[in-house]
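I have placed the structure first, in the form of structure tokens, so that the comments after it can refer back to it.
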Number of protein chains: 2
Amino acid sequence: MAIDQKPEWSDPNHPENCSSVVRKGQEQKGQPASIQKNIRFQKRRTSEPSVAELYEGVLNGDRSLLARAITLVESNAEQHFQKAQQLLQKLLSHSSKSVRIGITGVPGAGKSTFIEAFGMYLCDQGCSVAVLAIDPTSSISGGSILGDKTRMEQLSRNPRAFIRPSPTAGKLGGVHRKTREAMLICEAAGFDVILIETVGVGQSEVIIRDMVDFFMLLVLTGAGDELQGMKKGIIELADAILVHKADGANKQKAEQTRKEYSRILHFLQPATKGWSTKAYTCSSITNEGINEIWEVIDSFKKAGEKTGVIEERRKVQSREWLYSMITDQLHYHFFHHPAIMNLLPKLENEVIAGEKTVASAVEMLFSLINLEG
Amino acid sequence: MAIDQKPEWSDPNHPENCSSVVRKGQEQKGQPASIQKNIRFQKRRTSEPSVAELYEGVLNGDRSLLARAITLVESNAEQHFQKAQQLLQKLLSHSSKSVRIGITGVPGAGKSTFIEAFGMYLCDQGCSVAVLAIDPTSSISGGSILGDKTRMEQLSRNPRAFIRPSPTAGKLGGVHRKTREAMLICEAAGFDVILIETVGVGQSEVIIRDMVDFFMLLVLTGAGDELQGMKKGIIELADAILVHKADGANKQKAEQTRKEYSRILHFLQPATKGWSTKAYTCSSITNEGINEIWEVIDSFKKAGEKTGVIEERRKVQSREWLYSMITDQLHYHFFHHPAIMNLLPKLENEVIAGEKTVASAVEMLFSLINLEG
């Protein structure tokens, strides 16, 4: 009976080579379910590719091993962390040839349809494209991000493209680290363009700005109303503003909105030294303006390589990443310390109520921990 | 001979009650200058007012004891820290009746002349005014700040006003803490208005925004050019923008600049919920517009007290101050740890050069310290 449930590819002459699919409640007699689970778990563990295998796979652009390498850096398990760091260490020297592009936008701006259209255009030009998503607010697996892959239907089937949904948080600062490390793996895999999409709101724009070369903001027509709902200062992070959905009856309005943004941009400091941030219109339906955007990014890249702005930006980003991870770790250890967790809420209330000075509260907290080596 | 040099108020019948003023080089024979210095030093120490004396003095609005109380919170000495915290703890319940106003501006905008004119106006209205300055970049005593007091000549002589130059840094986060604590002391002393002026550039605007109720930005005519030199996003922190030096031949241009700022403000999210940030013109020479600004602040205060926005803001500020001081302390301990100081520069270079992953560098650093209690 068990043989009937073996998968299609099992060898009927050697059924022992393939484990059976056993329905729940039909476990073999005399063996409790928990032990069977254990066996299955060990089977998965031993089939996990080695660091060397993953290394080779990533460098050869093997999609399946690339995905597993990213899964490894995204894992919250301690032993996976060590293995992931070994892999990244080996891959580091192969990184940094890709253009790193960040994309954000107001809700409803059509980020996914734009990435689909822009990604397909790049593939048609002979470029390989990796799409990563970041959502610092995510704490549950999947969520809205899973939808992206199904929405980017054409691109996800294109052999030149690779789409990876956003990782979940786990440890403090986890999403940030995982996305950066996934980016490094994609670069080692030789992708020409890495698109990083913000999924969450709030801090995500700043986090992305800190890991990409070029950052663009997707907006809709009606600049004034939109800006109201937009996070403060986000326009000043952008290297380009794209007025999206510039098609059909909306085309003229989009051109007007583009002009409004141009006027605002005139008053603001550019996000990149020596670069003048401009507003553009584009449509993911008619593809109008899509090639223009790539030309803009290409000229940004060429100018930035010449002046060294991009290399300098990457150095600054690495340094800032180091320091932000140190802060994350310090916070993690401090705020998870049992004595701190016990006292902090009480002190916080006293400080807010104006019953205790901040300095004396901080002194009291630090007397509880020992920061010596 | 020594008796001739005793101060006026010395009792001639009991000259031993008063120490002599001894000219340099005329020290008593047989006693080296260093020992005499020591004696003088101890004399100063014992004459330091007690916490109870300072407490009474501050509550009674005694200018001299107020100044000494602020000197105490500004001290970097450990024993002064404890004493200052005792004093602040006693004063805390007397705080928070003042309006806290932050003032920043582009270089050359005339912050000091504005504060002089605005402060004099407030004094004439019967208000008492304390002026504090913050300069997070300061590390040497005095500096440009000392100039302020001499520049605000009229105001510094007004009995209703109290001007205090910016404290120097000392420990990490020190300037920030000292200015906040000086503000609490001034509030306990019953000042109606506390003006906090930014002296440094960069982070100071954000730091001030986080400690005041109302924040204003002084600008000059020619919005476009100025904005270029201004820190990103600073306009979005302001509750009012004042186009300063709106007098004489400059008056019409100032009005035009005001309109330009109004247009930009229309696109931005207001700094305070429910408040509409507007641009105004004023002159510290003709005093035109000065009273209007006070009316604006007054209506801000009345509306904010009604809706609870100001109380809520102060609570949020206290909470954020607590957390930022915790971060400061964590950084201080971490980055001053000998083992960290020894290894960090090497690891930083390796990370920037792309030879080491950030995560493995951080792991290596944290293996050097013990964060347990």
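Going from the isolated chain to the complete set of protein chains, the stretch B:243-287 loses at least 50 Å² of heavy-atom accessible area (1.4 Å probe) at B:PHE267, B:GLN269.
Dividing the convex hull volume of the alpha-carbon atoms in the stretch A:273-312 by its residue count gives 60 Å³ per residue.
Pairs of Cα atoms nearer than 8 Å and 6+ residues apart set the relative contact order; for the stretch A:230-349 it is 21 percent. Placing a label point 7 Å from Cα along the Cα-to-Cβ direction at A:ARG263 gives distances to the equivalent points in the other copies of 0.5 nm, listed shortest first.
Within the stretch A:91-119, the residues that become at least 30 Å² less accessible when every protein chain is included than when their own chain is isolated (1.4 Å probe; DNA, RNA and ligands ignored) are A:LEU92. Look at the stretch B:323-331: the mean tally of other chain Cβ atoms within 10 Å of its residues' Cβ atoms is 6. The residues of the stretch B:49-94 present an accessible area of 46 Å² per residue when probed at 1.4 Å with all protein chains retained.
Annotation for the B:A interface, with buried accessible surface near 5600 Å², both sides summed [1.4 Å probe; non-protein components not counted]. Considering every Cα-Cα pair within the stretch B:49-94, what fraction, in whole percent, is farther apart than 14 Å? Cα-Cα pairs in the stretch B:49-94 separated by more than 14 Å: 41 percent. Across all Cα pairs in the stretch A:98-139, the calculated P(r) in 5 Å bins from zero up to the longest distance comes to 5, 17, 27, 26, 14, 8, 2, 0 percent per bin.
With label points set 7 Å from Cα along Cα→Cβ, the inter-copy distances at B:GLY308 are 5.6 nm, sorted shortest first.
Other residues whose C-beta falls under 9 angstrom from the C-beta of B:CYS127 contribute a net charge of -1, scoring Lys and Arg +1 and Asp and Glu -1.
Probe radius 1.4 Å, ligands and nucleic acids ignored: give me the carbon and sulfur share of the accessible area of the stretch B:49-94 as a rounded percent.
52
Our summary gives the stretch A:49-94 a relative contact order of 39 percent, counting only alpha carbon pairs under 8 angstrom and 6 or more residues apart.
Across identical copies of the chain, A:THR286 has label-point separations of 5.3 nm, listed in ascending order, with the point defined 7 angstrom from Cα along Cα→Cβ.
Centroid-to-centroid, using Cα positions, the stretch B:271-285 and the stretch A:96-134 are 41 Å apart.
Computed from the mean reciprocal separation of all distinct C-alpha pairs, what Kirkwood hydrodynamic radius does the stretch B:217-373 have, in Å? With all distinct Cα pairs of the stretch B:217-373 included, I get 19.9 Å.
The stretch A:41-126: which chymotrypsin sites (Phe, Trp or Tyr not before Pro) are DSSP loop and have at most 12 other beta-carbon atoms within 10 angstrom? Answer by residue number: there is no such site. Over 30 Å apart at the Cα level, from the set A:LYS301/B:LYS259; A:LYS273/B:LYS178; A:LYS273/B:LYS346, are A:LYS301/B:LYS259; A:LYS273/B:LYS178.
The values are calculated or read from the model by the stated rules, or taken from the named source; none is laboratory data. Small disclaimer: the values here were computed from a predicted structure and weren't measured. We place every Cβ from the backbone using ideal geometry, glycine too, and count neighbours over all the protein chains shown. Note: accessible area is taken over every heavy atom of the protein model, side chains too, but ligands, DNA and RNA are not part of it. Shrake-Rupley method; radii C 1.70, N 1.55, O 1.52, S 1.80 Å.
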